[in-house]
Structure formats: structure tokens, C-alpha cells
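Structure, as C-alpha cells:
We did not get these values from a lab; they are worked out from the coordinates using the rules stated. What you see is a predicted model; the values in this text were computed from it and never measured. All Cβ positions, glycine included, derive from the backbone under ideal geometry; neighbour counts span all protein chains shown.
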Amino acid sequence: MPPRTLPSRPRLPLLVTADGDLLDELLRLAAAGGTEVELAADPAAARARWLPAPLVLVGSDQAPACLRARLPRRPGVVLVGRSGEIEPGWEVAELIGAEHVATLPAAEPWLVDRFAECGPDRTGPGPARIVAVLGGRGGAGASVLAGGLAVTAARARLRTLLVDADPLGGGLDLVLGWEQLDGLRWPALTDADGRVDAPALVRALPSRGDLVVLSWDRGDLLPLPAPAMAATVDAARRGRDFVVIDLPRQLDDAAVIALQAAERVFLVVPAELRATAAAARVAAAAAPHCADLSAIVRGPAPGRLKAAEVARALGLPLAGTLRPEPGLCRGLERGEAPAAAGRGPLAALCQRLVAELTGATGQGAA
Ligand SMILES: Nc1ncnc2c1ncn2[C@@H]1O[C@H](COP(=O)(O)OP(=O)(O)OP(=O)(O)O)[C@@H](O)[C@H]1O
Ligand SMILES: [Mg+2]
């Protein structure tokens, strides 16, 4: 399969307003700050860009609707309106999680500065490439692929974060053989709803070389709060080069945030009829939130189902295939991280996918 080069998704400030006059003023200020913007007339239209945008301006006309729509809390939200129309701004601002209230015309210079921070020579919140992995059925191989991608990226000297977003997964640190490594796991971070300091996050988590892992532990089953995922993605985007998120098949709000933040989402599907049927349901649930969803088909194929047939049945592009790799299973049982030796079908696939996303081809030590 020819390597693909994906256009990087521009991360433009998002304006949420249906007030034509306010919109005109904000477009003028954005132009003065040298940036283009994305427009949404209401929260429904804003939802898909809400988290990826580096800055969100909510017009005072749409603040109550945003509140009702329960958009996830995120850093960088500004409530904006004209003097006289916005009071009592702080109460609504606090409820929608806005960090600032900008009253026009007084706040014009401040807003131009905020827009300028998002201009073309500032590449948004950070350079990290974010990918997410889903399993088409239970035990499909999604967590192993997520681990393999993260290990491979770190071997290529990319500062990598592997995020375990599956509370029922048993802990992704186990996939790497890292369960003894010190550092925080999710339960210690699930209150995170504001801006997480990226270096502090990285210092607090288990790490080896360029690879850092945010995993569940073996404690009580807890939900993963959406704001904690949003804050983590935001911090990772600013502080890491490569982020891999291992998702549950039953999508919760945190998983949706991850899907929306990811440049590419890989759905791992065993080459079996029933797995393909199950994967179709997972794909249908995930696709509306994904910029780029593709299938990775894993052998063996007991009914000789071909990878291309599986992908076609799912209506997805085929991102890659995985041949059976019995040595990999034995290694996992011994606590060896997937793709750590840089050889074998999984390592080869991960090297290609990481190279497609980043251009990195390094083969450094694990
Ligand atoms: N590339 C592979 N080659 C051989 N065996 C694999 C591969 N990937 C996964 N496996 C086997 O399948 C098992 C399940 O893999 P994994 O935990 O990655 O699946 P999953 O899709 O994340 O499952 P879950 O539904 O629990 O999230 C592994 O323990 C391993 O034995
Ligand atoms: Mg898993």
C-alpha cells in the first residue's frame, strides 16, 4: 500500500455565535490578529471543533444554548459580547467553563492578541500527532497495536504518550510489562478538569526513555471523566510529539473527545465473519466523530476472508494487515512490550504508520 501523507488539520479559533453584528466585529478582530477562524452558529455546529480548536469564543447570544448542550469543559473558552448585553456575564461564563469574559469594544485589543497567538506562524496548541485505536470486537488486538505504536514512536525518538482510555481493559501498563513502574495512574488524575501542565503531567507518569504511559491500575472500577481526557489531550498536544489513545468499544464521552482529537483512528478487526459484523457496529458508532477512520485487519483468517473484503464490508479504507505472530503472544505473557525488538509484522506495521504520520523512521533502542 502506498504511504499516505495526510494534510495536517488546521487548528483555527472557533467562533460560536448567530449574531451577525457580533460575528462581523469578531471577524474584523481575527483579521487584525492575522488568523482565519471556524464559524458555528450554535453549539450543535460547534461540537466537532469544540475541543480541537486552540481558542473558542462563545457569543453571549449562544452562551445559554452552550450551557444546555453540555459541551465538555475545556481550557481557552472566552465569553464575548457587547457592553450592556453581556451582564451578568460571569455567572454564565463560569457555568460554561469560560476563562475570560471579553466585553466589546473595551476588549478589542486583548482579543486581537488572542487571535494573533493562533496565527499561521503559531501552529496551534502544539505539534503532537494524535492517533486512537479501537477494537472491532473483544480481544481484537487494539491494546497491543496501541502499545506497539507507542513503543515504535518512542524508538524513533519521538516524545510519546500512551493513554489507556478503557476502564475495563485491565491496565495498559501491563501490556508494556510496566506494572511495577512508579508513577501516577488515572485514579490520581481523574479530577483534572482545568489546564494540565504538560511537563508536570509527564514527570508524574510512569516513563522509560521517550515513552510515558497514562494507564488504569488494578484498583476499583471508575469512569473516566470527559474533562480529565480533554485536559490530558490538551496537555499532550502541547508537550509531546506523538500520542496514542487506546479506546473502549463502548464509547463514553471521554472516548468521543479522544476520537475528535485524533488525526487518524485505527479499527482493529480479526479476519473473521462475526468480528466483521461486530466491527461494523463499532465503526458506525465511531465514524461520526472521526476525521479519518480506517481498518487494520488481523489474521489468522480461518474462513480465508481477505483483508480487503473485511475493509470493503466495513466501508473503510484498509490501513494495514497483521499476520499471526505467536511469538508476540508469548512475549506479552512474559511482560515484553509489543514491537520492542523492532522486528516482526506488528513492528513493521507500526513503523509504517508512525512514519506516515510523522516522517520519523528512526530505529533507536527501546
Ligand atoms: N498482533 C498480534 N499477534 C498475535 N496475537 C495478538 C496480536 N494482538 C493481540 N494478540 C492477542 O490477542 C489478545 C488480545 O489483544 P488485545 O488486548 O490487544 O485486544 P483488545 O482489542 O485490546 O481487547 P479488549 O477487548 O480486551 O480491549 C492478546 O493478549 C494477544 O494474545
Ligand atoms: Mg484493549
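Observations on the structure shown:
- Packing-based ranking of 54-63, 202-211 yields 54-63, 202-211, ordered from highest to lowest mean Cβ neighbour count within 10 Å.
- Degrees between helix 345-358 axis and first principal axis of the chain (Cα, 0 to 90, nearest 10): 20
- Packing, taken as the mean count of other beta carbons within 10 Å per residue, orders the peptides 240-253, 258-271, 15-28, 144-157 from highest to lowest as 144-157, 258-271, 240-253, 15-28.
- Taking segment 217-366 and dividing mean pair separation by its residue count, relative contact order in percent (alpha carbons under 8 Å, at least six apart): 16
- Beta bridge orientation in the chain: antiparallel %, DSSP, nearest 5: 5
- q = 0.12 Å⁻¹: log10 I(q)/I(0) that the Debye formula gives for segment 297-366, counting C-alpha atoms only: -0.40
- Between ALA285 and ARG312, the distance separating the two model label sites (each 7 Å from Cα on the Cα→Cβ line) works out to 2.8 nm.
- Highest-first packing order for the peptide set 272-281, 346-355 is 346-355, 272-281, based on the mean count of other beta carbon atoms within 10 Å.
- Our summary gives the chain a relative contact order of 19 percent, counting only alpha carbon pairs under 8 angstrom and 6 or more residues apart.
- Helix-only mean residue ellipticity at 222 nm for the chain, each DSSP H run of n ≥ 4 adding -39500 (n - 2.57), per residue, nearest 500: -11000 deg cm²/dmol
- Expressed per residue, the C-alpha convex hull volume of the chain stands at 134 Å³.
- Axis of helix 108-117 versus longest Cα principal axis of the chain: the two differ by about 20°, to the nearest ten degrees.
- Choice from ALA132, ALA200, ALA40 with maximal GNM fluctuation in the chain (Cα, 10 Å cutoff): ALA200
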